[in-house]
Amino acid sequence: MDYRRVFDHVFGLQLWIAGGVFVVVAGLLLGALVFNRARRRDKLPFAAAEHNAIEIAFAVFLGGAAAFLVWLSLSNNHRLDYGDTLAVAQQSGLPAGQQPVRVDVTAFQWCWSAAYPGSTTTVSGSCATPADRPVIVVPQGRPVEFAITSRDVAHAFWIPDLALKRDAYPDHVNTVLMTFPETGQWLGRCSEYCGTYHKDMDFFVRAVPPEQYQAFLQTGSLPARAAA
Amino acid sequence: MTATEPRAAVEEPQPTPRRVRTTVLAWVTSTDHKRIGLLTLGTAVVLMIAIGALALTMRAQLAQPQLDVLSPDRYNQFFTIHGSGMIYLVMTPFAIGLGLYLVPLQIGAPNVAAPRTTMLGYWLYLGGAVTMLSGFATSSGAADHGWYAYPPLAGTRFTPGPGVDLWIAGVALAGLGMLLMAATVLWTALVKRTRGMTLLRMPVFSWSVVATNLMCIGAFPSLLVAMGILAAGRIEPDLFTQNAWNIGYQHVFWFFGHPVVYVMFFPFVGAVAEVLAVFGARRYFGYRITVVSLLAFAALSMSVWGHHMFSTGQAENDYYSLTSILLLVPAGLEYFGFLATLLGGRLSFPTPMLFAVAFVPQFLIGGLTGIMIATPAVDYQVTDSYFIVGHWHYTLAAGSLFGFFAGFYYWFPKATGLQLRERMGKAHFWFWLVGTNATFLPMFWLGLHGMPRRMASYLPQDGFGTANLIATLGSGFLAVGTVIFLVDLVVSVRRPRRAPDDPWGGFTLEWATSSPPPPQNFDPAHPVPPIRSYAPLLDLRPDLGGGRGRR
């Protein structure tokens with residue numbers, strides 16, 4: 001699933017709406033300050049306590065706005081297949097070459113490791129310096145199912161540029177489905193606070209062409225001049 | 001004085017007024033809601049300064065990449081105590097303490113119901129605060145698991161040491177204290193109103209406190225259960241090897257944790273509403289719809305907790321998104337009241353009004369970003385990032401604290417009989433206006449660009465330096481503004497200028513009595529005036545058209 005595109009769509013729309021609301025409220029506020037009746041001392045301030053027709057109309061309008069925003073929220077959450085394993089079941093009808101590839105990601109204090117079912121290849125690192133960050137290799141163009149868990153405390157698997165995030169818990173596996181349409185390398189972070197070196201828990205996710213991915217699964221490392 | 005005695009005492013003159021004792025012992029054993037309220041508010045102000053200083057240290061650490069002002073462990077202790085302290089020990093006591101001081105006055109009651117239980121609440125709160133902060137005196141330092149203390153991190157396997165134990169005990173004590181205080185104030189508002197003070201003649205502030213305290217009653221027991229789970233897990237560490245307990249803790253904790261966000265917000269909505277009406281010289285507009293909104297908001301707030309857990313993969317995201325977004329309806333109606341009161345008012349701008357007016361757009365930023373993060377598709381990206389930090393600092397610091405200061409400057413002359421200095425108050429306001437926006441606006445950008453929250457430092461290549469530097473400079477403005485606020489307090493006490501009983505031309509009953517009010521709130525020289533609406537003193541003001549308008 002393309003989390004980034006959905007995020008950009010929903011967040012962009014909400015930003016426009018929020019900007020509009022802010023301008024209207026700030027405008028009314030400024031209007032009240034500028035056309036302050038204190039400048040016309042002979043006029044009494046309004047004494048009305050309420051106006052039920054306007055209030056009810058406004059409540060109905062707010063209800064409509066809420067309905068729209070709820071629809072926006074829920075429909076896009078469904079586009080992300082609720083971000084969970086349901087997606088994998090729905091994808092099972094896909095042809096052999098398009099079946100999701102599973103990557104088992106394990107968080108620990110304070111780094112990440114990855115394993116590939118059906119292969120002896122594993123990825124790990126210490127995260128102590130940027131050079132020690134693990135690089136989780138995934139195939140480009142095929143759905144990838146990250147199965148995320150933790151060995152100790154709660155962490156969170158976050159790739160900011162792809163707008164992908166899921167928490168990692170011990171004694172529980174969260175899955176999240178993602179297709180990498182192009183090759184490349186993205187920085188990942190831990191976003192759930194997890195102790196002293198939480199700040200250092202950075203990793204990379206690297207999408208490579210499928211044939212390089214197969215080589216990676218067999219040899220445990222990428223060809224020397226693999227596409228990045 | 002006992003709780004059953006006062007009603008008679010209000011109506012019949014006392015032959016010899018009781019001498020008011022002012023010793024420390026008299027204060028900490030008082031049964032006067034005003035004293036207990038001032039103790040609570042005063043303690044919370046002192047803690048706000050101390051806990052705010054932790055945040056300034058953190059901002060110094062983050063000003064540039066890879067600074068070494070604090071070690072990672074010390075940084076983690078600071079953000080934990082900053083968050084927990086501000087929530088459990090500062091903003092919640094502000095909210096409940098303000099209600100404790102004002103509600104009996106506003107409804108014409110001589111005292112709070114069950115004053116000894118209320119005082120016990122203060123002691124528990126003070127004991128909790130001392131207990132939590134004493135973690136800094138232990139060799140392993142204070143708790144460093146964040147203000148919501150998720151297991152297994154908060155268990156003994158990953159965070160040994162007494163800091164966490166003290167934190168759990170402190171939160172439980174302070175939480176129980178706040179629960180007791182909220183309960184007695186709610187009781188007061190429901191059964192101790194004076195003659196003529198019907199429910200729909202209670203001022204907006206008192207209504208906001210009723211809604212607040214209802215949420216406290218619903219939410220705080222859940223906090224105590226959550227602390228019990230943590231304590232049990234620290235005794236039996238295997239508990240937190242099971243996902244059911246870890247995620248169960250989150251559900252129990254947030255069942256408390258979300259309503260408490262509105263506990264730290266509602267009384268300030270009420271304070272802002274009072275201030276806007278009085279300095280708009282008009283009746284608050286939309287009173288009944290505001291009351292309905294407050295109650296609906298409080299009810300709905302009990303159903304939204306799971307929106308803190310969208311990325312856990314273990315919450316029913318659609319449901320919590322639905323209930324959370326629906327909150328915009330009561331929130332929008334409250335804003336309708338603010339704006340409609342301002343429009344058509346005859347406005348004047350002393351310090352309380354400045355804070356109240358700024359509250360409206362600043363809290364709005366917190367509210368609008370709140371709808372964004374109530375949307376799972378957005379929250380998956382921004383949760384646990386600095387976007388969230390920006391969001392709730394707009395609600396709490398740029399929002400609720402502005403409401404608190406509006407109330408503080410507004411009611412200070414009533415509570416003390418002293419005037420604050422207007423020019424220092426205004427300087428405080430402008431420094432805070434610049435400071436809050438400069439500090440918290442860059443945080444949205446940081447979150448969207450990938451900075452996780454709770455980072456003890458970051459690398460130069462992360463590209464977070466400039467925005468963090470702006471935020472740190474902004475926090476300097478907050479520090480200067482706070483110093484001005486403290487100087488203002490000291491000057492006003494050391495070189496006192498007497499405040500009249502009603503310096504602002506207030507509309508509610510507390511302005512009908514003396515400043516400070518007598519022990520039983522109203523006496524023969526200051527009787528409760530006739531009450532015909534939620535603005536009884538406005539009804540007596542023909543110069544403002546007080547006789548007109550709907551009651």
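The values are calculated or read from the model by the stated rules, or taken from the named source; none is laboratory data. If you're wondering where the values come from, they're calculated on a predicted model, not measured in any experiment. In this analysis, Cβ positions are derived from the backbone assuming ideal geometry, glycine residues included, and neighbour counts consider all displayed protein chains. In case anyone asks, the SASA skips ligands and DNA or RNA and just uses the protein heavy atoms, side chains included. Shrake-Rupley method; radii C 1.70, N 1.55, O 1.52, S 1.80 Å.
What to note about this one:
- Within straight-line cross-link reach of B:Lys414, lysines at Cα separation under 20 Å, skipping those fewer than 8 residues along the same chain: B:Lys34, B:Lys426
- Placing R0 at 35 angstrom, the Cβ-Cβ distance between A:Arg151 and B:Ala60 gives a FRET efficiency of 0.55 after rounding to 0.05.
- Ordered by solvent-accessible area of protein heavy atoms (1.4 Å probe), largest first, the residues B:Arg532, B:Arg193 come out as B:Arg532, B:Arg193.
- Computed FRET value (nearest 0.05) for A:Leu13 with B:Ala137, which takes r as the C-beta separation and R₀ as 45 Å: 0.30
- Between helix A:52-79 and chain A: long-axis angle, C-alpha atoms, 0 to 90°, nearest 10: 10
- Between helix A:3-34 and chain A: long-axis angle, C-alpha atoms, 0 to 90°, nearest 10: 20
- Ranked order, A:Asp152, A:Asp161, A:Asp8 - accessible area, probe 1.4 Å, largest first: A:Asp161, A:Asp8, A:Asp152
- Checking every one of the trypsin sites (Lys or Arg not before Pro) in segment A:134-220 against DSSP loop status and a limit of 12 other Cβ atoms within 10 Å picks out A:Arg151.
- For the residues of B:485-495, the average number of beta carbons from a partner chain within 10 Å of their own beta carbon is 0.
- Of the accessible area of the protein assembly as shown, computed with a 1.4 Å probe over protein heavy atoms only, carbon and sulfur atoms account for 65 percent.
- Taking a Cβ cut-off of under 11 Å around B:His449, the surrounding Lys, Arg, Asp and Glu residues balance to a net charge of -2, with basic ones at +1 and acidic ones at -1.
- Inter-centroid distance (Cα atoms) of segment B:426-457 relative to segment B:185-249, Å: 30
- Counting only other chain Cβ atoms within 10 Å of each residue's Cβ, the peptide A:49-57 averages 6.
- DSSP-defined antiparallel bridges as percent of all bridges, the protein assembly as shown, nearest 5: 70
- Peptide-level mean, for B:116-122, of C-beta atoms on other protein chains within 10 Å: 0
- Percentage relative contact order, chain B, counting C-alpha pairs under 8 Å, at least six apart: 17
- Contact with the other protein chains removes 20 Å² or more of accessible area, compared with the isolated chain and a 1.4 Å probe, from these residues of segment B:124-153: B:Tyr150, B:Pro152, B:Leu153.
- Global form of segment A:3-83, assessed from the alpha-carbon gyration tensor, a/c cut-off 1.5: oblate
- The heavy atoms of B:Ser348 present about 50 square angstrom of accessible area, all protein chains included, probe 1.4 Å.
- Those Cys residues of the protein assembly as shown for which no other cysteine Cβ falls under 4.7 Å: A:Cys190, A:Cys194, B:Cys216
- Helix A:210-219 vs. chain A, principal-axis angle (Cα, 0 to 90°, nearest 10): 50
- Solvent exposure of the protein assembly as shown as accessible area per residue, Å², 1.4 Å probe: 36
- The B and A chains share an interface that buries close to 7000 Å² of accessible area, total over both sides, probe 1.4 Å.
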